[in-house]
Number of protein chains: 2
Amino acid sequence: MKRPTILVLGAGYGGLSTVVRLQKQLGSDQADIVLINKNEYHYESTWLHEASAGTLTPEQVRYDISKVIDAQKVTFIQATVEGIDIKEKLVTSSVGTHTYDYLVIALGFEGETFGIPGLDKYALSIANVKAARYIREHMEHQFATWSVEKEKDDSRLTIVVGGAGFTGIEFLGELGNRVPEMCEEFDVPFEKVRILCVEAAPMVLPGFDEELVNYAVSQLESKGIEFSIGTPVVEATPEGVKIKKGEDEFEFIKAGTVVWAAGVRGNRLIEETGIENMRARVKVDKDLRAPGHDDVFIVGDCALMINEEINRPYPPTAQIAMQQGDTCADNIVALLKGEPTTEFVPDLKGSVCSLGSDDAIGVVFGKKLTGKKASFMKKMVDNRALYMIGGVGLTLKKGKFDVL
Amino acid sequence: MKRPTILVLGAGYGGLSTVVRLQKQLGSDQADIVLINKNEYHYESTWLHEASAGTLTPEQVRYDISKVIDAQKVTFIQATVEGIDIKEKLVTSSVGTHTYDYLVIALGFEGETFGIPGLDKYALSIANVKAARYIREHMEHQFATWSVEKEKDDSRLTIVVGGAGFTGIEFLGELGNRVPEMCEEFDVPFEKVRILCVEAAPMVLPGFDEELVNYAVSQLESKGIEFSIGTPVVEATPEGVKIKKGEDEFEFIKAGTVVWAAGVRGNRLIEETGIENMRARVKVDKDLRAPGHDDVFIVGDCALMINEEINRPYPPTAQIAMQQGDTCADNIVALLKGEPTTEFVPDLKGSVCSLGSDDAIGVVFGKKLTGKKASFMKKMVDNRALYMIGGVGLTLKKGKFDVL
């Protein structure tokens, strides 16, 4: 009798959690588990703002997938997924085609530029490890160039961050720490540097407690970061960004570095599957299956679930992705045994937004935190993600213990 | 009675040695010693190949001038020298004008591009700390860009080094260590990288023992470095360099990084003084004074002295510059006392050329050395330069002790 094949696409929080849980619950004779991922490593996508600013190295935010999978039970294929045919039950990748009995789509997010002209081409994006590393190198290159050029172009030292959501604010927090270091390293006077956050919405960190948001903004402002709120970016050019300040009022901000950190969407391959989706996110059934497709699970940033208490979608977080991975694995095991699937219920422990290495804001188990306490909690949250997937060994190796 | 003013231009090996020796020998009531330098720091110009490759940080190759001068005896002015009028005995700088009774010109070297078109603009030069740091950043930026770009331009990973003299070879040695690290850091396959040394002369390291040169070339080749000898660079463009391979045979080498490490000259301000010079170097009298100018001393790379044994100029080295600084200071003290000056006699202890952090070639006290022994000697030479100017404290702080 042929063993069923469970094909998992993507080794982010959702996909890797699914695989780790599956390999714990299934013997090697019960199923073939196949994991396809573009890189040979998993990266902590919630830490990419640190690699982008240069406060963590790329090595610190990634680890080899081989470290956490059981090669006796899981076949790992390093390849880029290129197409998903749910009718034929066939996935195509850069190395060939792959069949499945159960498919887990865990392909993560892509940046969303909302059709704003030039952003695709001229703004940098905190998209993955290589992109993050490029942002760091780009900023350092601008500083180094300013330092040697005869006619100094001060706009090289201007960094525009588009978006005052979670990623934008966490990246700004790291810049607050990193830019003074860069000034030292590259002999750049700090007062020449301009760090500007541009946000279309009339607020910073929508959905966060107002008191905490005010704390965050004032902390970042004290580090020299400017905010321009309620002012959409309408165009990006090689020289900078144009923002809309009023009905017919525009301003061009010349900037050597523009980082776009506003808005994410699901993976565009979703849109080609024929499954109903919104910006490549699928409103999944309660057991995490794609509606009408009993053999397709979707977890992580490509899955959309509504928080019925507030009638809004749950945010795409690592916390939820990992919990979904667990439920997804449990449900596949249930299906293999002919048992009923269970409903996914998020267990929201809270949310912490870092403001550099020693400051943060957050609500944890219903309690508001700021400063060093919140920063400590943030590091515990980060370590927990390592622990959930890789156990104690990986946590000790890659965890954050520079606390207090 | 007015104290005489001794004005020293430049805080490189020659200038700083002069000042340190003067402050030892003179009381604060005997002379006003004034030192003018562009930066607030001295840098080890013989270590710049390491900062350029990224094997040392900029901080490791420089130290604050304030650390080695006695503020009771020496006035330090951070300014760029802009003109030297030896008739009016007046130096102009970016902050004003400066008179003197004795002038010490120790302005160091500048790169020489021999009129080859495009080199000034498109080749990088290991000229100073900022330029060295820029080379490192430029190479890292190329690697990071290659890593993220969709259509990969492999020429970004080609590094052309123009010149197989001392600086070129030492820089190549560091690249031999650093490039594999960069490949790791930026996810670049090592086999995609090309490091090419282009030299117009028919030999590598002219003047060095042939057996040692062969050792050096084969060591560098074993690290993947290619040599193209007897092939002058005839043009540099934004895309790379054109080299002449035969009478009418040319080759264009597309390269993301071109570093020009061939040829140095003295400081161009020398040419405006009216003092006879060759490429801004002055053939000084035996007591280091400019011919016909009893109150002007020239030390370091702007001074030219003939080694009569071989009827060729002594090379512009740190070793000779520091020894000249000592003699220059002694001669100024002699003149203040109405005593005769003494002749400068170089004490050549040898010459060591590094080939990365753990390999080198050299002749020390007449003995040929290669490998780890030579590398150890090179580090002792480097530490000695620190010790001569800054004593034990500075040597312990900035010295190289990663030996064997």
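The values are calculated or read from the model by the stated rules, or taken from the named source; none is laboratory data. Just so it is clear, the model here is predicted, and its values are computed rather than measured. Heads up, the Cβs are rebuilt from the backbone with ideal geometry, glycines too, and the neighbour counts pull from every protein chain shown. What goes into the accessible areas is simple: the full protein's heavy atoms, side chains included, and nothing from ligands, DNA or RNA. Shrake-Rupley method; radii C 1.70, N 1.55, O 1.52, S 1.80 Å.
Find the Rg to Rh ratio for region A:70-201, where Rh is the Kirkwood radius over alpha-carbon pairs and Rg uses the same atoms. Radius of gyration over Kirkwood radius for region A:70-201 works out to 1.13.
Ratio of Rg to Rh for region A:124-262: 0.96 [Cα atoms; Kirkwood radius as inverse mean 1/r over pairs].
Karplus-derived 3J(HN,Hα) values for region A:355-365, using 6.51 cos²θ - 1.76 cosθ + 1.60 with θ = phi - 60°, are 10, x, 6, 9, 8, 6, 10, x, 10, 10, 6 Hz; glycine and proline are entered as x. Below 19 Å, Cα to Cα, which lysines can A:LYS368 reach? Residues fewer than 8 away in the same chain don't count. Filter leaves A:LYS349, A:LYS378, A:LYS379.
Treat each spin label as a single point 7 Å out from the Cα along the C-beta direction, and report the A:THR237 to B:ASP154 distance in nm. In this crude label model, A:THR237 to B:ASP154 measures out at 3.8 nm.
With N as its number of residues, region B:258-339 has a Cα radius of gyration that, divided by 2.2 N^0.38 Å, comes to 1.17. What whole number of Å gives the distance from the Cα centroid of region A:309-331 to the Cα centroid of region A:105-166? Region A:105-166 and region A:309-331 have Cα centres separated by 30 Å. Against chain B, whose longest principal axis is taken from its Cα atoms, helix B:371-398 shows a tilt of about 40°. Can you compute the FRET efficiency between B:ASP347 and B:GLU221 using 1/(1 + (r/R0)^6), with r the Cβ-Cβ distance and R0 = 41 Å? Round to the nearest 0.05. FRET efficiency, B:ASP347 to B:GLU221: 0.75. Electrostatic tally near A:LYS378: other residues with Cβ closer than 13 Å to its Cβ, Lys and Arg +1, Asp and Glu -1, net -2. The relative contact order of region B:125-236 comes to 27 percent, based on Cα pairs under 8 Å that sit 6 or more residues apart. Annotation for region B:136-168: GluC sites (Glu not before Pro) lying in DSSP loop with at most 10 further Cβ atoms inside 10 Å of their Cβ are B:GLU151.
Summarising the label geometry, the points placed 7 Å from Cα in the beta-carbon direction at A:LEU396 and A:LYS373 lie 3.1 nm from one another. Label zone of B:SER66 (point 7 Å out along Cα→Cβ, amide N under 18 Å): in region B:360-395 this covers B:390, B:394. Accessible surface of B:SER125, taken over heavy atoms with a 1.4 Å probe and every protein chain present, rounds to 50 Å². Solvent-accessible area lost on pairing B with A (1.4 Å probe, both sides summed) amounts to about 1600 Å². Within region A:136-154, the residues that become at least 30 Å² less accessible when every protein chain is included than when their own chain is isolated (1.4 Å probe; DNA, RNA and ligands ignored) are A:GLU137, A:HIS141, A:ALA144, A:SER147, A:VAL148. Net charge of the neighbourhood of A:GLY292, taken over other residues with C-beta under 15 Å away and scored Lys/Arg +1, Asp/Glu -1, is 0.
Against the main long axis of the alpha-carbon atoms of chain A, helix A:129-148 sits at an angle near 20°.
Between A:GLY96, A:GLY224, A:GLY163, which gets the highest mean-square fluctuation from a Gaussian network model of chain A, Cα cutoff 10 Å? Sorting by GNM fluctuation, first place goes to A:GLY96. Given R0 = 35 Å, the distance between the Cβ atoms of B:LYS2 and B:ILE306 translates into a calculated FRET efficiency of 0.40. With a simple spin-label model that places each label point 7 Å from the Cα along the Cα-to-Cβ direction, the separation between B:LYS24 and B:GLU276 comes to 3.5 nm. Of all DSSP bridge pairs formed entirely within region A:1-145, close to 45 percent run antiparallel. Over every Cα atom in the protein assembly as shown, the radius of gyration and the widest Cα-Cα span, Dmax, amount to 31.9, 110 Å. Probing with 1.4 Å while keeping every protein chain in the model, the per residue accessible area of chain A equals 44 Å². Scan region B:240-327 for GluC sites (Glu not before Pro) in coil per DSSP, keeping those whose Cβ has at most 11 other Cβ atoms within 10 Å, and list them by number. Counting only loop positions with at most 11 other Cβ atoms within 10 Å, the GluC sites (Glu not before Pro) in region B:240-327 are B:GLU247, B:GLU276, B:GLU308, B:GLU309.
Within chain A, the proportion of Cα pairs with more than 35 Å between them is 29 percent. Report the relative contact order of chain A, percent, no decimals, based on alpha-carbon pairs under 8 angstrom and at least 6 residues apart. About 18 percent, as a whole number. Of all beta bridges that DSSP places with both ends in chain A, some 50 percent have antiparallel geometry. Residues whose amide H falls under 5 Å from that of B:LEU56, counting only those 5 or more places apart or on a different chain, are B:ALA51, with hydrogens built in the peptide plane. Peptide B:125-133 shows a mean partner chain C-beta count of 3 within 10 Å per residue C-beta. Of the beta bridges in the protein assembly as shown, as assigned by DSSP with both residues counted there, near 50 percent are antiparallel. Just the protein heavy atoms count here, and of the accessible area of region B:175-301 at 1.4 Å, carbon and sulfur take up 47 percent.
Taking the longest Cα principal axis of chain B as reference, the axis of helix B:318-336 is set at about 10 degrees.
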